[in-house]
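Values in this text are rule-based calculations from the coordinates and carry no lab data. Predicted, not measured: the structure shown is a model, and the values here were computed from it. All Cβ positions, even for glycine, are placed from backbone atoms using ideal geometry, and neighbour counts span all protein chains on display.
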Amino acid sequence: MQDTKGRSWLALAVVSSMGLAACGETTGEQAVVGAAAGTVGSALLQGNLVTGAAVGAAANVIYCKEYPRRC
């Protein structure tokens, strides 16, 4: 039996620290950073990597556009 709760916390920690490390200055950089974070999170949770990358990229771009001072 796998510890999915532990994996969820680990994924959250990895994605959060990646998000805090850098948002990217251009829209392209923001998409790449978000895609990387989404892919890592999906891999840790054994989800679909392509979906994780797409969601992560979109989420990071939207976040950085909404809160530019935090990026």
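In table form, for the structure just shown:
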| read-out | value |
| --- | --- |
| Relative packing of 30-42, 59-71, which averages over residues the other C-beta atoms within 10 Å, highest first | 30-42, 59-71 |
| Inter-probe distance in nm under a simple model that places probes 7 Å from Cα toward Cβ, at residue 26 and residue 51 | 3.1 nm |
